[in-house]
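Down below is the structure, laid out as structure tokens.
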């Protein structure tokens, strides 16, 4: 996969899943949550984020509840989330939704809101276009890359249909 | 070659391997799958197409009654109805419907997990089952795949050992101690780690009070929180576990990445202040803060011992007229025990609203929601922005402190009330 360019939206440490996808209506329903995604930290974000942009965050992004908050971010067209570290469940779930999360300790302090980045998700590299510096993210577990290649969990299951006794084979 | 921790040994067994190494990706057989809101997972099934059934009708547990004791709107009524249909269609045998109570208590109480089991769940507090020596870990979105394969992948976590010694002073409960430990470890202090709890303090607790420690490991970012099963656990499991089991124990020479030794002899009551569950402070720092609602219940406060602590404070007293006091038993077993011990009467006399069993207003999905600008204190596990409103202030404390604060109308040290 080739690298893609986009602008960075920056967030701090410990951004929790409830502030990405607030408790309203039913658990797990994206619904109107896209209108409010991350507004607690940056009211401009849900209004101005563009498809292809990146989120750059500090430690423990997506911490807490396992509500599928990555789907709300994905619905906004964000291409990847790059953070110092991510909440474990958020990290696993979001790759499973077909949205990449790269853990790259130290990234947050080097990026400001609006910076242009060039990100290669497969290689796990993030190039800061203002300085030319390239950072290397931590290795993504092979199973998550496999899932991502199939567009997320549902595609991955379909692509391996034969392995499931619980699925009809035809 | 050093030995292995209980977490490593459970994962090795479940993955059919002699041993596992830290950081390795293993695929484990799952013994129990907990789901509180499978609606969108059933929609995944529709997208996949041709789903005949879940992998094992005995091992999938759905607790629709976790978030709601009754549907409070047409929308929720429709959702629970579609969950009922989905369970039937996909052969899910264990459905705990409206009024059944809080799922994590039910998983243990009804024997769906046991020492040595691997349990995953759609709820982030699935770490709860570590209190009986099971490996409980949240998976959430991925539970769709687990329902079809009966397997889940893990990155084998290094283990942090937390040794807790000493006796607490009167008025300080296991909820305070667990809150204290969470404050020390921090919101990401156990990210991708297992946390193992041990020590004489832990061994004196009931399994329900131990559950606070395993459950709150999620608030530290952990993969699982666990304890070696002891006589208390084995006795509780007798005749309860849904299948025969062989407990798994860690090796005496297991290695840990970090060891925390905590003495609780002089610990004062604790409180978590907004906006993080791990923002633990001595209660004195929050004293005098006026409250609008107090809530005893939730997955770190819905047990019978929690109800007894609250009743000890509330006996012969009344909640402050400007405070709504909610008492939320975790399960019908707790609710019935409250009745037979006369606790329900004490709560009624105190002016409390006693709800049917469920998980409470922790995330404002059923009743007891609070408005912007309001302040709540509760025994539940989370106080994050967006969970119970964005502009609300939530404090987390023990049943003693929560009940005393309800009487005083402001956050208060419970000790003068005991």
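So which of A:94, A:34 is facing chain B (nearest Cβ under 9 Å) and not in a loop (DSSP other than H, G, I, E, B)? Steps first, please.
Numbers: A:34 fails: facing chain B (nearest Cβ under 9 Å).
That would be A:94, the only listed residue that is facing chain B (nearest Cβ under 9 Å) and not in a loop (DSSP other than H, G, I, E, B).
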Which numbered condition trips up residue B:69, out of (1) part of a loop (DSSP other than H, G, I, E, B); (2) over 17 Å from the mean Cα position of the chain (by Cα); (3) more than 17 Å from residue B:298 (Cβ to Cβ)? (3)
Any hit, segment A:162-169, residues being touching a helix residue (DSSP H, G or I) at 6+ places or on another chain (Cβ under 9 Å), surrounded by 13 or more Cβ atoms within 10 Å (Cβ to Cβ), within 14 Å of chain B (Cβ to nearest Cβ) and part of a helix (DSSP H, G or I): no
Would you mind telling me which numbered condition in (1) in a loop (DSSP other than H, G, I, E, B); (2) more than 7 Å from chain A (Cβ to nearest Cβ) residue B:55 fails? (2)
Residue check for residue A:93: under 22 Å from residue B:23 (Cβ atoms) and in contact with a helix residue (DSSP H, G or I) (Cβ under 6 Å, 6 or more places away or on another chain): yes
Here's a check for you: in segment B:148-175, which residue that is at the interface with chain A (Cβ under 8 Å from one of its Cβ atoms) and assigned to a helix (DSSP H, G or I) is surrounded by the fewest Cβ atoms within 10 Å (Cβ to Cβ)? B:149
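For segment B:384-397, which positions are farther than 21 Å from residue A:37 by Cβ and within 12 Å of chain A (Cβ to nearest Cβ)?
Answer for segment B:384-397, where residues must be farther than 21 Å from residue A:37 by Cβ and within 12 Å of chain A (Cβ to nearest Cβ): just B:394.
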Out of everything in segment B:350-365 that is out of contact with any helix residue (DSSP H, G or I) (no Cβ under 9 Å at 6 or more places or on another chain) and either free of Cβ contacts under 8 Å to residues at least 12 places away in the same chain or not in a loop (DSSP other than H, G, I, E, B) (or both), what residue ends up being surrounded by the most Cβ atoms within 10 Å (Cβ to Cβ)? B:362
Looking only at segment A:15-28, filter to residues that are more than 7 Å from chain B (Cβ to nearest Cβ) and either buried (at least 18 other Cβ atoms within 10 Å of the Cβ) or in a helix (DSSP H, G or I) (or both); which one of those is modelled with the lowest pLDDT? A:21
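So which of B:386, B:368, B:373 is in contact (Cβ under 8 Å) with a residue 40 or more places away in the chain and assigned to a loop (DSSP other than H, G, I, E, B)? Give the steps one after another, and end with the answer.
Working: B:386 fails: in contact (Cβ under 8 Å) with a residue 40 or more places away in the chain; B:373 fails: in contact (Cβ under 8 Å) with a residue 40 or more places away in the chain.
Only one candidate passes the filter, namely B:368.
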What pairs come up if the first residue lies in segment A:26-55 and is on the phi < 0 side of the Ramachandran plot, the second is at pLDDT below 90 and in a helix (DSSP H, G or I), and their beta carbons are under 7 Å apart, counting only those six or more places apart or on different chains? A:37/A:20; A:40/A:19; A:41/A:19; A:46/A:34; A:46/A:35
Of the conditions (1) part of a loop (DSSP other than H, G, I, E, B); (2) surrounded by fewer than 16 Cβ atoms within 10 Å (Cβ to Cβ); (3) away from chain A (no Cβ under 12 Å), residue B:22 fails just one. Which one is it? (2)
Just checking, how many residues over segment B:332-369 are farther than 23 Å from residue B:124 by Cα and modelled with pLDDT under 95? 0
Which condition number does residue B:180 fail, the rest of (1) farther than 25 Å from residue B:362 by Cα; (2) away from chain A (no Cβ under 14 Å); (3) out of contact with any helix residue (DSSP H, G or I) (no Cβ under 9 Å at 6 or more places or on another chain) being met? (1)
Consider residue B:75 against the criteria (1) out of contact with any strand residue (DSSP E or B) (no Cβ under 8 Å at 6 or more places or on another chain); (2) within 9 Å of chain A (Cβ to nearest Cβ); (3) surrounded by 19 or more Cβ atoms within 10 Å (Cβ to Cβ): it satisfies all of them except one. Which criterion is unmet? (3)
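Answer yes or no as to whether residue B:277 is in contact with a strand residue (DSSP E or B) (Cβ under 7 Å, 6 or more places away or on another chain), touching a residue at least 60 places away in the same chain (Cβ under 8 Å) and either in a helix (DSSP H, G or I) or more than 21 Å from residue B:409 (Cα to Cα) (or both).
When the stated conditions are applied, residue B:277 passes them.
Every residue, every condition in (1) assigned to a helix (DSSP H, G or I); (2) free of Cβ contacts under 8 Å to residues at least 12 places away in the same chain; (3) crowded, with 24+ Cβ neighbours inside 10 Å; (4) not assigned by TED's automatic domain parsing to the domain that holds residue B:115, yes or no:
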site: B:196; (1), (2), (3), (4): no, no, yes, no
site: B:201; (1), (2), (3), (4): yes, no, no, no
site: B:205; (1), (2), (3), (4): no, no, no, no
site: B:234; (1), (2), (3), (4): yes, no, no, no
Would you check if there is a residue in segment A:103-119 being facing chain B (nearest Cβ under 9 Å), part of a helix (DSSP H, G or I) and touching a residue at least 40 places away in the same chain (Cβ under 8 Å)? no
Filtering segment B:90-107 down to residues that are in contact (Cβ under 8 Å) with a residue 40 or more places away in the chain and under 23 Å from residue B:72 (Cα atoms), which residue is surrounded by the fewest Cβ atoms within 10 Å (Cβ to Cβ)? B:99
Has segment B:398-410 got any residue that is crowded, with 24+ Cβ neighbours inside 10 Å and outside any helix (DSSP H, G or I)? yes
So, of the residues in segment B:38-48 that are in contact with a helix residue (DSSP H, G or I) (Cβ under 8 Å, 6 or more places away or on another chain) and either more than 7 Å from every other protein chain (Cβ to nearest Cβ) or in a loop (DSSP other than H, G, I, E, B) (or both), which turns out to be modelled with the lowest pLDDT? B:38
I need the full set of residues from segment B:112-132 which are within 14 Å of another protein chain (Cβ to nearest Cβ), in contact with a strand residue (DSSP E or B) (Cβ under 6 Å, 6 or more places away or on another chain) and in a loop (DSSP other than H, G, I, E, B), in order please. B:122
Taking the criterion of being modelled with pLDDT of 95 or more, part of a loop (DSSP other than H, G, I, E, B), within 25 Å of residue B:43 (Cβ to Cβ) and over 22 Å from the mean Cα position of the chain (by Cα), would at least one residue in segment B:92-111 satisfy it? yes
Return yes or no: is residue B:336 within 12 Å of another protein chain (Cβ to nearest Cβ) and within 27 Å of residue B:100 (Cβ to Cβ)? no
Taking segment A:128-151 as the region of interest, how many residues are away from chain B (no Cβ under 14 Å) and either at positive phi or surrounded by 17 or more Cβ atoms within 10 Å (Cβ to Cβ) (or both)? 4
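The values are calculated or read from the model by the stated rules, or taken from the named source; none is laboratory data. These numbers come from a predicted model, not from an experiment. Positions of Cβ are backbone-derived with ideal geometry, glycine not excepted, and every protein chain shown enters the neighbour counts.
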